[in-house]
Amino acid sequence: MTAILAARTPSRNASLGELANLLQDQDARKLDVVAPASAIRAEDGRLIIQGTTHELTATGVTARPGVFRPTNVCEAGLAEKLGIPVGYLKKTRVEAPELWDTNVNGWLDRSDRSYMVRTLRPSGQGEGVARALLSNGYRIIDNLDILIAALDGFAELALTCASTAATSLTAACTSESSPTKSAPTRRPCCATTAPRSAETGELTIPSCSPASS
């Protein structure tokens, strides 16, 4: 049996526009499934999940199992939830995929839990992508939602900074255009010219006050 490589969702070195387009495509294809262990099987290094695809027939809509290639993140979650050493599980997928199937199926058969599997539907014919395997109580937060919230925050911050800069510039211009008020002059006090008291002979010092304008 040939080695089965993990699925990849390309995003490294992507520009902001490319990242936004990628996340929008993933948002249209995403499918989050909560399934019991009995509805998940491993086959040829892939996960088969019951009831994840639907086929329209003459008698109605029929649920079909979906085929999903796990990413490295999904495989790590699978190993954690089933108690399989992740290094061993990765090794079997590359070197002996039949052992990957045997280990995953064997521990799924012993589990009575349900899991959330975050997947991407195939863009056409073929297999989808299993992005993550989590506990069924996991709160879903999508990368697209995080990106939109971050961009909204940056836009609001830019508007705030621009408003603050404009206010500071206006205040600086107003300060420069205002006339400078001169400090009041004070009339000098001169003891040598002060009159002496006729009775005591002491100098009488007049009080110093600001000069009238």
Q.
Pull out all pairs, ordered by first then second residue, where Cβ-Cβ is under 9 Å, the residues are six or more apart or on different chains, the first lies in region 84-111 and is within 15 Å of Ser38 (Cα to Cα) and touching a residue at least 12 places away in the same chain (Cβ under 8 Å), and the second is among the charged types (D, E, K, R) and part of a helix (DSSP H, G or I).
A. Trp107/Lys81; Ser111/Lys81
Q) How many of the residues making up region 90-128 are of a type in the set (Lys, Arg) and in contact with a helix residue (DSSP H, G or I) (Cβ under 7 Å, 6 or more places away or on another chain)? A) 4
**Q.** Qualifying residue in region 55-73 (condition: aliphatic (A, V, I, L, M) and either assigned to a helix (DSSP H, G or I) or at pLDDT 95 or above (or both))
**A.** yes
Q. Name the pairs whose Cβ atoms lie under 8 Å apart, with the first residue in region 41-56 and basic (Lys, Arg), the second outside any strand (DSSP E or B), and 6 or more positions between them or separate chains?
A. Arg41/Asn105; Arg41/Leu108; Arg46/Ile4; Arg46/Glu127
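Here is a yes/no grid of residues against (1) surrounded by 15 or more Cβ atoms within 10 Å (Cβ to Cβ); (2) on the phi < 0 side of the Ramachandran plot:
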{"residue": "Arg69", "(1), (2)": "yes, yes"}
{"residue": "Val86", "(1), (2)": "no, yes"}
{"residue": "Lys90", "(1), (2)": "yes, yes"}
{"residue": "Asp109", "(1), (2)": "no, yes"}
{"residue": "Pro122", "(1), (2)": "yes, yes"}
{"residue": "Gly126", "(1), (2)": "no, no"}
{"residue": "Leu134", "(1), (2)": "yes, yes"}
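The values are calculated or read from the model by the stated rules, or taken from the named source; none is laboratory data. It should be emphasised that the depicted structure is a prediction, and the values quoted were computed from it without experimental measurement. Using ideal geometry, Cβ is built from the backbone for each residue, glycine included, and neighbour counts are taken over all protein chains shown.
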